[in-house]
There are 2 protein chains.
Amino acid sequence: MTSTVETAFAAHSRPARLNEPGAAITRQELQLAARNHGLPLEMLRAELTPPGLHYLLIHYDIPFVDPAAWSLEIGGALGRPVTLDLAELTRLPRRSVRVTLECAGNGRARLDPRPESQPWLVEAVGTAEWTGTALAPLLRAAGLSDAAQEVVFTGADHGVERGVEQTYQRGLPLAEALGEDVLIAYEMNGAPLAPQHGYPARLVVPGWYGMAHVKWLTRIDVVTEPFTGYQNRVGYRVRSTREEEPGVPVTRIEPRALLVPPGFPDFLSRHRFVHPGPVTLEGRAWSGWGPVTGVDVSVDAGTTWREAELGPETSGRWAWRRFTAAWDARPGEHEIWTRARDATGRLQPLRPPWNASGFVNNEVQRVPVTVLAA
Amino acid sequence: MTSTVETAFAAHSRPARLNEPGAAITRQELQLAARNHGLPLEMLRAELTPPGLHYLLIHYDIPFVDPAAWSLEIGGALGRPVTLDLAELTRLPRRSVRVTLECAGNGRARLDPRPESQPWLVEAVGTAEWTGTALAPLLRAAGLSDAAQEVVFTGADHGVERGVEQTYQRGLPLAEALGEDVLIAYEMNGAPLAPQHGYPARLVVPGWYGMAHVKWLTRIDVVTEPFTGYQNRVGYRVRSTREEEPGVPVTRIEPRALLVPPGFPDFLSRHRFVHPGPVTLEGRAWSGWGPVTGVDVSVDAGTTWREAELGPETSGRWAWRRFTAAWDARPGEHEIWTRARDATGRLQPLRPPWNASGFVNNEVQRVPVTVLAA
C-alpha cells in the first residue's frame, strides 16, 4: 500500500470516535441505519424469522457472486487441500441447525457516550434454520495438521475500515471451528441464501455473535498461529476505556430477552397503548453461553419482578425460547422490563459496563406502555 | 373517543414537528430507521429487487393475519357487494405487473430543517413483479354506482398518529382505481406476499407513491364523496410552509435516478474508492408520471452533464429503467450526480422546493468518489 493510497483512505475513513455525551445520531450513523435493519419487534411472535425480517449488518457492499464461477478453497495447514464448487458442496452430507443470530453491536445506541457505528437499539437479532454441511468432517478429511490453532474464513466483501483496505476475514479458534453444529451453510429456511445473507455459502457458528458467521465465503484456511487480521485484532474487541488498549475479543452471545411490545403503537414515538384487562405478554430469550433457564418480567420498571413461563425448547439448543407472562393491565402509565438468565449463571444486567466500541450491550429492554381507560 | 383517551394519546403522540436547522437525527427518528429499511444501493444492479431488500415503510406494527380466517369485503356504492376469501381471490383472473415502488418520504432527511418522521436519504425504493387480480373488473362486476367518486382501501394495521387512533385507510380517485394495472396482489416475485409486504393481499397502484398501495387489505369501499380520512386529509400532503394549511395530496412518483455507487466503500462514511481507469457507471431511473426519456450524468458535481445510455424497457411501463455511462476515472476527488427526465417534461431538480412534511424530495443524488492513484 503506497502512502498516497493511505492518505486517500485517511481523508474518508476515520479512526474510531465517540459521540459527545447525549449527542443525537449523526448523518453517518443514519446512512448505516437506512441500509442495515433490525427485526421489527412484533415479529418476535414468529419462531423462525420470516424472510426479509432477519437483522442485517453488512460492512461493505453486498457482493454479486456468480454461482457458476464460485468455488470455495479450503487450504492452509491441511494435508490434502480441497476446492469445492457449489454442486460439490451441496452433495456433501446435509445438516440443519436453528440458530438465533445477533449483532455484536446490538444495544450500541443505548450507550452514552455512544461509539459512532451502526446505531442499534435492541432489534439486531433473528432466528433461522440454516442448512449446509458440517465443517469439522470436511477439515478432518482434508488432513488437519496437529499444529492447527485457528481457522480463517474469508468472504467476498471488500472495503475500507478505519483506514484499512480489506476483504472481510475472521479467525476462529480451532476448538470452536470443530463444533458439531458449525456449518458451511447454503440454505436459510429451506431456500438458497439471499444475496444479503451470504449467497452462495456462509459460515454459521451457533452461539457466537454475527461477526463470526462470515458471509459470501471464498476461502477457508487452517493456520498454526493466532490470526491477526483487522476484524479480530482491531474490530471486534471489548475495550473498557476510551484509550487504545488491546481489549478482549467479542465471542459468544450474552443472554437477552425481548418482548413483543403489547398493544398498538404510535407511528413516530413507537409508544404503546393497551386496552385494560388481561394481557398475555410474550417474547423470546436466548444466550450463546448456555441454555436459557429463566426470564424475569417486571411491569413496574424493575420495582418488582416475577418469573415468566418458558415455552418448550422447540428449536434446539441454539435458538431462542418463547416466554409468556400474564398481566392484568390497569389504566395508567407502566414500564415493562424483561431479563434472561442462562445455565452458566449469566443474568442480563440492568446496566452493563460501558465499552468503547459499543459491543455486547445486553442491558434490559424497557417498554413504556400506556394502559387506556376502561 | 373519550377525552381521557385523547389525553392519553396526546402525551405520547405529538403533532407534526420540524427539527432545528442542521439538527442531528433524534432517537425517535432512529427507532423508525432501525425498523424500516431502504434498498442497499449496490442492489440497484438487480432488475427485480431480491426478497428482503425492497424498501419497507410500516406505519404501525406488521399485523398477524390468519389466512384461513381472512376475507376481503368489497362494498359501499355497489349494486352487488361481495366478500372473497383467499381461495376465491386467487381463482380470479391473474395479472402480473412489474412496479417500481417508492416511499413518498424518500429524501426527507436531506431537507433542512428536517420534518421529524422516517429519515430517508435516497434509498426508499424497490422493484417487484406483483401478481394478483385487476381491481376494475371486480368493481364493475359488483355493480359500480354511477355516483362513485373514490375507492377507500382499509388495511389490518392499527395505531396512533399525531394523536389520532386509526386503522390504515386510503382513498383513491375512481379513475385511478379503475386503471387496468391496479391490482389486488397476493404474490410478489412469484411467492406469496411476505408478512411485511401485506400478506395475504395488498393494493398495487402502479406509478403512485407507496402510501397508496394499502397492505393487509381487509375492506374496499366505493364512496360517493371524497374520502376525508387521516392519511388523505392530514398525512400525505405537500405543504409549502410550516403553518397549518390544507396542502396538496401526494400522488404519483416524481422522476428519480439512482446510481450504483462505484468501487468499494468505507464502512462508516460509505465514501467510495475507485481504482483509476475505465469505469461503467450504472443505475436505474423511474417516474410515475410518464416513461423515463433520459438520464443525465455529471462526474464533476454538476459543472458539466452528459447523457447516459438508457437500457431497453425490459420490465414494462411501471418499472425502473437501467442506464449506463462510461467514465474514465482519473485520480483525485470527484462527485457524481445523476438526474432523470420523463415524457411529461419533468426533470429531476437540483433542489426542489422545501415542504413541511418532507415528501417527494427528488433532488439529485450526489455520490462523492475518490479515485485512487494508479
Discussion item. Take the conditions more than 30 Å from A:ARG95 (Cβ to Cβ), outside any strand (DSSP E or B) and in contact (Cβ under 8 Å) with a residue 40 or more places away in the chain and apply them to A:GLY302. Does it pass?
Written reply: yes
Worksheet item: Within the stretch B:1-11, restricting attention to residues that are touching a residue at least 24 places away in the same chain (Cβ under 8 Å) and within 9 Å of another protein chain (Cβ to nearest Cβ), which residue is nearest to A:PRO50 (Cα to Cα)?
Response: B:PHE9
Worksheet item: Within the stretch A:213-245, which residues are modelled with pLDDT of 95 or more and either acidic (Asp, Glu) or part of a loop (DSSP other than H, G, I, E, B) (or both)?
Response: A:HIS213, A:VAL214, A:LYS215, A:TRP216, A:ASP221, A:THR224, A:GLU225, A:PRO226, A:PHE227, A:THR228, A:GLY229, A:TYR236
Practice prompt. Kindly indicate which of A:GLU42, A:GLU29 is closer than 25 Å to B:PHE264 by Cβ and either of a type outside the set (Lys, Arg) or assigned to a strand (DSSP E or B) (or both).
Written response: A:GLU29
Item to complete: Please give the number of the condition A:GLN28 fails out of (1) open to solvent by less than 50 Å² (accessible area, probe 1.4 Å); (2) of a type in the set (S, T, N, Q); (3) free of Cβ contacts under 8 Å to residues at least 40 places away in the same chain.
Response: (3)
Fill in: Scan of the stretch A:123-177 for residues that are of a type in the set (A, V, I, L, M, F, W, C) and either within 18 Å of the chain's Cα centre (by Cα) or within 25 Å of A:THR314 (Cα to Cα) (or both), ordered by number
A:ALA124, A:VAL125, A:ALA128, A:TRP130, A:ALA134, A:LEU135, A:PHE153, A:LEU172, A:ALA177
Worksheet, complete the sentence: Within the stretch A:248-264, the count of residues that are touching a Lys or Arg at 6+ places or on another chain (Cβ under 6 Å) and either at the interface with chain B (Cβ under 7 Å from one of its Cβ atoms) or on the phi > 0 side of the Ramachandran plot (or both) comes to 1
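Let's see how each residue does on (1) within 13 Å of another protein chain (Cβ to nearest Cβ); (2) surrounded by fewer than 24 Cβ atoms within 10 Å (Cβ to Cβ); (3) basic (Lys, Arg):
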site	(1), (2), (3)
A:GLU165	yes, yes, no
A:ARG170	no, no, yes
A:LEU174	no, yes, no
A:ALA177	no, yes, no
A:LEU183	no, no, no
A:LEU193	yes, yes, no
A:GLN196	yes, yes, no
A:TYR199	yes, yes, no
Discussion item. Considering only residues that are touching an Asp or Glu at 6+ places or on another chain (Cβ under 7 Å) and either at the interface with another protein chain (Cβ under 7 Å from one of its Cβ atoms) or free of Cβ contacts under 8 Å to residues at least 24 places away in the same chain (or both), which ones fall in the stretch B:12-24?
Written reply: B:HIS12, B:SER13
Item to complete: Would you mind stating whether B:GLU225 is surrounded by fewer than 23 Cβ atoms within 10 Å (Cβ to Cβ) and out of contact with any strand residue (DSSP E or B) (no Cβ under 7 Å at 6 or more places or on another chain)?
Response: yes
Worksheet item: Restricting attention to the stretch A:265-279, and to residues there that are within 14 Å of another protein chain (Cβ to nearest Cβ) and in a strand (DSSP E or B), which single residue is farthest from A:GLY294 (Cα to Cα)?
Response: A:ASP266
Practice prompt. Go over the candidates A:ARG239, A:ARG270, A:ARG256 one by one and state the one that is surrounded by 19 or more Cβ atoms within 10 Å (Cβ to Cβ), of a type outside the set (Ser, Thr, Tyr) and in contact (Cβ under 8 Å) with a residue 40 or more places away in the chain.
Written response: A:ARG256
Worksheet item: Do we have any residue at all in the stretch A:153-162 that's more than 14 Å from chain B (Cβ to nearest Cβ) and not basic (Lys, Arg)?
Response: yes
Discussion item. Name the single residue that is nearest to A:GLY263 (Cα to Cα) among those in the stretch A:58-74 being within 8 Å of another protein chain (Cβ to nearest Cβ) and not β-branched (Val, Ile, Thr).
Written reply: A:HIS59
Response to the item:
All conditions in (1) farther than 20 Å from A:CYS103 by Cα; (2) surrounded by 17 or more Cβ atoms within 10 Å (Cβ to Cβ) are true of A:VAL292 except (1)
Fill in: Which numbered condition A:ALA77 misses (of (1) open to solvent by less than 30 Å² (accessible area, probe 1.4 Å); (2) within 14 Å of chain B (Cβ to nearest Cβ); (3) touching a residue at least 24 places away in the same chain (Cβ under 8 Å))
(2)
Worksheet, complete the sentence: Checking B:LEU48, B:LEU56 in turn, the sole residue that is touching a strand residue (DSSP E or B) at 6+ places or on another chain (Cβ under 7 Å), over 19 Å from A:ALA124 (Cβ atoms) and of a type in the set (A, V, I, L, M) turns out to be B:LEU48
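Quick grid of which residues meet (1) open to solvent by less than 40 Å² (accessible area, probe 1.4 Å); (2) part of a strand (DSSP E or B):
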| site | (1), (2) |
| --- | --- |
| A:GLY316 | yes, no |
| A:ALA319 | yes, no |
| A:ALA326 | no, yes |
| A:HIS334 | no, yes |
| A:ALA340 | yes, yes |
| A:VAL369 | yes, yes |
Practice prompt. State which residue pairs qualify: first residue within 14 Å of chain A (Cβ to nearest Cβ) and closer than 19 Å to B:VAL295 by Cβ and inside the stretch B:347-374, second residue at pLDDT 95 or above and not in a strand (DSSP E or B) in any location, beta carbons under 6 Å apart, and separation of 6 or more residues or different chains.
Written response: B:GLN365/B:VAL122; B:VAL367/B:PRO261
Worksheet, complete the sentence: Restricting the stretch A:31-57 to residues that are under 19 Å from B:LEU193 (Cα atoms) and facing chain B (nearest Cβ under 7 Å), the one most open to solvent (accessible area, probe 1.4 Å) turns out to be A:ARG45
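The values are calculated or read from the model by the stated rules, or taken from the named source; none is laboratory data. Everything numeric here is computed off the predicted structure, so don't read it as measured data. Positions of Cβ are backbone-derived with ideal geometry, glycine not excepted, and every protein chain shown enters the neighbour counts. Ligands, DNA and RNA are stripped out before the accessible areas are found, and what is left, the full protein with its side chains, is counted by its heavy atoms. Shrake-Rupley method; radii C 1.70, N 1.55, O 1.52, S 1.80 Å.
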